[in-house]
Amino acid sequence: MVPADPGGGVMRADRLADPTDGLDEALAAVDAFDRALTDGLLRPRPDQASAVTGLAHAVAGSPLAARVAEAAEKTAAGAAGEEHLVSLAAARTALLGSVHDALTARVEEATGRPRGGESVPEPGESRSVNLLTAARSWLADLARHGWRGIDHEVVSGAAPIVSAMLMDPALRRPATLLDGFAAELAASCPGSALERIPVRRWADLWSRAMVLTLPGAASVSPVGTATGRLLPLGVDLHEHPTAVQAQVHAVFEPADGSAPRLVRASVSAPKPDTVVGAGLWQLLRPHMSLLAAVGEGRAAELSGMPVTAEGDLIWSEEHARPGKPADAFATARVALPAATAPVTAPLDRHPASIAVPVFLEGYAVRKDDDGLTFTVAGHPLAVDTDRVPAAGPLTPEAVAASGACIGLLRWDAGAFSVQPLAVETTVRKKPVAIHAGGWAGGTADKAGIRAEKAATDAVAVLRERAGRLLRK
């Protein structure tokens, strides 16, 4: 959201609450198919057959209609081949893509922010057809068994496929997805004993992996270069037991004077599960110029930095140098309203991928058992404080006491919410800005110093143990 000052515009918060035609019907068709997938498609019951047919009806007006109708008929009869399951995965992907597009259009109406005019190039052909075919065969077996029918024998079939795919750099994307998916399924075996199944998540992973087995689908789009000034807005920290990623959302001002645009810069590193909290930044600090820009409130000067058509900077230290001080809230008030939004790659069109930088100001805060809510111009907007990382000074309490917020607009469980990245609040009668990435480049904050020391000790012990193993 942008404030009503001369340098910005006013976000139409009411547009986020307006109903979207066809949204509920599309999601209902996806949910029904996901339930059918849970119990397996080898011998579908009448309700499963009806769900598959419903998926076909939902895309009846699209170019997929004939293929999906045939796939639904074969699946309902228990005779689905791999090509039919690929068609069903493509239909599910297309439906969620249409939901993404409808929600993105609603966000554009609310923010008044222009969308970039570039399109994502079509993917090229793939050379590793045999490995993709093997991956598709394993995924088809999963669909026939269903999540309740998985066991270690079924899931272990992915291991040799993943090992072979990881040897080919062009297949790292589907290989990583398959590896993580198989590990998650293996940790949940046997499926028949599960009390709760992540139905939407596993169906998302299955359908995405299935579509990525199509020749060319996993290829990377061409990369251009970016020269100009990067103005960070905030950092979104993604943590997994074995990996961590810091994704910086920023406004990029090209040196050629063309329109500013929103970009993302992501850096990641493997990690042991014992390194948590502020220790995560230590693993990421080989990318110090980016983290220093975030933590110290500075711009970064880019020269020939690789960038994808989707607005993702492929961060390289040799293409960046520290810039002048740049306050994130000044960037949010002045530069953000005019920044064009990046395009979205076709396979990334999913409601869960929506993460739009917004600026909120002049809101009222309500706190109850359901959590925090910002009320802007009379319209409530849920605040997702669960996404605030423990690796920084930003806390739910600081968010609740804030008067301005830089955040990411997201959509989940049928409603929009905002994930705070930074807030302006008052501490001891003084206005201060608190950022989720405030400790990214190091800190003099007492709490941050204590957390850093604890993390340093843990990392030192792990490195010493690793050294012993290597020496042996």
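The values are calculated or read from the model by the stated rules, or taken from the named source; none is laboratory data. Predicted, not measured: the structure shown is a model, and the values here were computed from it. Here the Cβ positions follow ideal geometry from the backbone for every residue, glycine too, while neighbour counts run over all protein chains shown.
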Residue list for the range 44-102, filter: acidic (D, E) and over 25 Å from D141 (Cβ atoms) | D101
Could you look through the range 181-200, keep only residues that are of a type in the set (D, E, K, R) and within 21 Å of L212 (Cβ to Cβ), and pick out the one that is modelled with the lowest pLDDT?
-> E184
If we keep just the residues of the range 83-138 that are among the basic types (K, R) and at pLDDT 95 or above, which is surrounded by the most Cβ atoms within 10 Å (Cβ to Cβ)?
-> R92
Considering the range 223-280, residues that are without any contact (Cβ under 8 Å) to a residue 60 or more places away in the chain and part of a loop (DSSP other than H, G, I, E, B), and then whichever is surrounded by the most Cβ atoms within 10 Å (Cβ to Cβ), we arrive at K271
Specify which of the listed residues (L178, L214) is closer than 20 Å to V154 by Cβ and in contact (Cβ under 8 Å) with a residue 24 or more places away in the chain.
-> L178
Do any residues in the range 26-55 that are at pLDDT below 95 have Cβ atoms under 8 Å from those of residues that are outside any helix (DSSP H, G or I) and among the polar types (S, T, N, Q), where the two are at least six apart or on different chains, and which pairs are they?
-> none
May I ask you to list the residues in the range 401-430 that are of a type in the set (A, V, I, L, M) and either assigned to a strand (DSSP E or B) or closer than 24 Å to A391 by Cβ (or both)?
-> A401, A404, I406, L408, L409, A415, V418, L421, A422, V423, V427
Please determine, by comparing only the residues of the range 301-343 that are assigned to a strand (DSSP E or B) and basic (K, R), which one is surrounded by the fewest Cβ atoms within 10 Å (Cβ to Cβ).
-> K324
Of all the residues that make up the range 388-414, how many are in contact (Cβ under 8 Å) with a residue 60 or more places away in the chain and of a type in the set (A, V, I, L, M, F, W, C)?
-> 7
Residue list for the range 348-396, restricted to those being crowded, with 17+ Cβ neighbours inside 10 Å, among the aliphatic types (A, V, I, L, M) and either assigned by TED's automatic domain parsing to the domain that holds P232 or at pLDDT 90 or above (or both) = I354, V356, V358, L360, L372, L381, A382, V383, V388, L394
